[in-house]
Amino acid sequence: MPTTFITGGTVVSATGRGAADILVDGERIAALLEPGSTVLGTDLARTADTVIDATGKYVVPGGIDAHTHMSMPFGGTTASDDFESGTRAAAWGGTTTIIDFAVQKFGERLQDCLATWHQMAAGQCAIDYGFHQIVGDVNDASLSALRELPAEGITSYKLFMAYPGVFYSDDAQILRAMQIGASTGLMTMMHAENGPAIDVLVGQLLEQGKTDPYYHGIARAWQLEEEATHRAIMLADLTGAPLYVVHVSAKQAVAQVASARDRGRNVFGETCPQYLYLSLEEQLGAPGFEGAKWVCSTPLRSRAERHQDHMWQALRTNDIQMVATDHCPFCMKGQKDMGVGDFSKIPNGIGSVEHRMDLMYQGVVEGRITLERWVEITSTTPARMFGLYGRKGVLAPGADADVVIYDPDGHTSIGLGKAHHMNMDHSAWEGFEIDGHVDTVLSRGKVVVDAGEYIGRKGDGRFVRRDPCQYLI
Ligand code: URP
Ligand code: ZN
Ligand code: ZN
């Protein structure tokens, strides 16, 4: 097996950092060594097939983005990144595993949908990938199919309390699904917004002529996120199902997650970079139709109400456990512009899969989180949460050699024509400057990004079967 020796860097884990060399043998990490040490008299810096000089750089486990939607059919169109373009962009940004959502729409057989997602991804991906299952039609057949998912290497499924008539589940359906979650160990992932109430507000706003993207954020009020989060937690409490609340944006919803955790419940919260950096006033409220770039659900929250500061705080205190992107990109032309004159027709979603590691590293630079916490929320916790830990999320002997060499003296300018390889005609992150740079990325031992250039191939990435959650209390 070809060997790779990564030497001179500072290896960072979720629990500490230190100078160490890493020997990779084939697809796996063989050893972490004291700098300058030899193995049975062999100087690996001279004998390894490939030597990577990581002097002055951080060496961290590859990022795991546990919430992406490649080619998702949504809002009358399809997310503009497919598995090829989306995973390539992810690799560029230091993410070496995604967990995407297989989508069951109303009236479809769950098993058929999963087979379709396997077909869409197989042979296309630049990095490893797993699936969660969206259950958009909770009925006897889909509930019984849920029980079979762990045997397929899928240990989590997502329900929606929003989007009536599309993916929406009512409380009775949620209760029944969670009972299966409790008995099988499947993680219930919840889109927690009160969809029926949102739809009333949307109708009223449109009637008043309030059609701009800004009103997307007004209709999806924080009270409706808090209420749904509370209801999901209570149903999980009743059934004993572990619950993972996706894309938490309101500080009041964070408080619900924190309070459940304080009571010892297996309730977890995910946030996304957009809820840490962007706001209702600045982005959704941008002039004209510009705000459509940032229409996503849950929506961006008010800067005046300081949701963003609260979210950083929650990340520090582990009231929120991890950061994913909810990558669901749509172009302005031909997609987002379907909602000119009616914000409710703007397809919901932001593209960020390429920038998560950088955006969260900027939190380290700005003193909001530690270097170790950066690794924890972007890689180690996602691995534990979704049953990949040991193989991924850690640099240790036997683990997959998914490695990012990150240069703290480098710089990344985000935007079209700069760091941007996602299939979009705009960047939701245009103008963001990062005081760091993804230099080199190894995916299962293969260098796929070298000196900032992508040198991998589609099909390098494999489907990863996942174990049950390794983060339960
Ligand atoms: O706006 C979003 N979040 N689009 C993707 C679908 C979802 O709800 O996660
Ligand atoms: Zn959602
Ligand atoms: Zn999503």
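Within the range 168-213, the set of residues being in a loop (DSSP other than H, G, I, E, B) and either touching a Leu at 6+ places or on another chain (Cβ under 8 Å) or away from ligand 3 (no atom under 16 Å from the Cβ) (or both) comprises 169, 170, 185, 186, 193, 194, 208, 209, 210, 211, 212, 213. Could you say whether any residue in the range 37-49 is in contact (Cβ under 8 Å) with a residue 60 or more places away in the chain and either open to solvent by 50 Å² or more (accessible area, probe 1.4 Å) or not hydrophobic (A, V, I, L, M, F, W, C) (or both)? No, the conditions are met nowhere in the range 37-49. Listed by position, the strands (runs of 3 or more DSSP E) inside the range 385-473 whose residues that are under 18 Å from residue 85 (Cβ atoms) number at least 2 are 437-443, 446-450. Applying the criterion of at least 2 residues that are closer than 12 Å to residue 442 by Cβ and under 30 Å from the mean Cα position of the chain (by Cα) to the strands (runs of 3 or more DSSP E) found wholly in the range 1-41 leaves 3-7, 21-25, 28-33.
Answer yes or no as to whether residue 409 is touching a residue at least 24 places away in the same chain (Cβ under 8 Å) and open to solvent by 40 Å² or more (accessible area, probe 1.4 Å). So residue 409 fits the description; yes. Take the residues in the range 255-277 that are away from ligand 3 (no atom under 16 Å from the Cβ) and either among the hydroxyl-bearing types (Ser, Thr, Tyr) or closer than 21 Å to residue 350 by Cα (or both), then tell me which one is most open to solvent (accessible area, probe 1.4 Å). So, considering only residues that are away from ligand 3 (no atom under 16 Å from the Cβ) and either among the hydroxyl-bearing types (Ser, Thr, Tyr) or closer than 21 Å to residue 350 by Cα (or both), the one most open to solvent (accessible area, probe 1.4 Å) is 259. Of the residues examined, residue 427 is one that is hydroxyl-bearing (Ser, Thr, Tyr), closer than 24 Å to residue 292 by Cβ and touching a residue at least 24 places away in the same chain (Cβ under 8 Å). A count restricted to the range 277-324 and to residues that are closer than 20 Å to residue 229 by Cβ and within 12 Å of ligand 1 (Cβ to nearest atom) stands at 6. Residue count for the range 162-187 satisfying the condition of being within 16 Å of ligand 1 (Cβ to nearest atom), hydrophobic (A, V, I, L, M, F, W, C) and surrounded by fewer than 17 Cβ atoms within 10 Å (Cβ to Cβ): 1. Which residue, of 149, 159, 143, 114, is away from ligand 1 (no atom under 14 Å from the Cβ), crowded, with 22+ Cβ neighbours inside 10 Å and not aromatic (Phe, Trp, Tyr)? Testing whether each residue is away from ligand 1 (no atom under 14 Å from the Cβ), crowded, with 22+ Cβ neighbours inside 10 Å and not aromatic (Phe, Trp, Tyr) leaves just 149.
Please work out if residue 336 is open to solvent by less than 10 Å² (accessible area, probe 1.4 Å) and among the charged types (D, E, K, R).
yes
When each of 102, 79 is tested for being aliphatic (A, V, I, L, M), in contact (Cβ under 8 Å) with a residue 12 or more places away in the chain and out of contact with any Phe, Trp or Tyr (no Cβ under 6 Å at 6 or more places or on another chain), the lone residue that passes is 79.
Across the range 186-204, the number of residues qualifying as in contact (Cβ under 8 Å) with a residue 40 or more places away in the chain and not hydroxyl-bearing (Ser, Thr, Tyr) comes to 8. Within the range 13-69, the residues that satisfy the criterion of being within 16 Å of ligand 3 (Cβ to nearest atom) and closer than 18 Å to residue 94 by Cβ are 64, 65, 66, 67, 68. Beta carbons closer than 8 Å, at least 6 apart along the sequence or on distinct chains, pair a first residue in the range 156-184 that is free of Cβ contacts under 8 Å to residues at least 40 places away in the same chain with a second that is within 16 Å of ligand 3 (Cβ to nearest atom) and open to solvent by 10 Å² or more (accessible area, probe 1.4 Å) for 160/166; 160/168.
Number of residues in the range 440-462 that are at pLDDT below 95 and either in contact with a Phe, Trp or Tyr (Cβ under 7 Å, 6 or more places away or on another chain) or under 16 Å from residue 391 (Cβ atoms) (or both): the value is 0. Residues in the range 85-111 that are of a type in the set (A, V, I, L, M, F, W, C) and either within 30 Å of residue 438 (Cβ to Cβ) or open to solvent by 10 Å² or more (accessible area, probe 1.4 Å) (or both): 89, 90, 91, 92, 98, 99, 101, 102, 103, 106.
The values are calculated or read from the model by the stated rules, or taken from the named source; none is laboratory data. Bear in mind the structure is a predicted one, so any value in this text is a computation, not a measurement. All Cβ positions, even for glycine, are placed from backbone atoms using ideal geometry, and neighbour counts span all protein chains on display. What goes into the accessible areas is simple: the full protein's heavy atoms, side chains included, and nothing from ligands, DNA or RNA. Shrake-Rupley method; radii C 1.70, N 1.55, O 1.52, S 1.80 Å.
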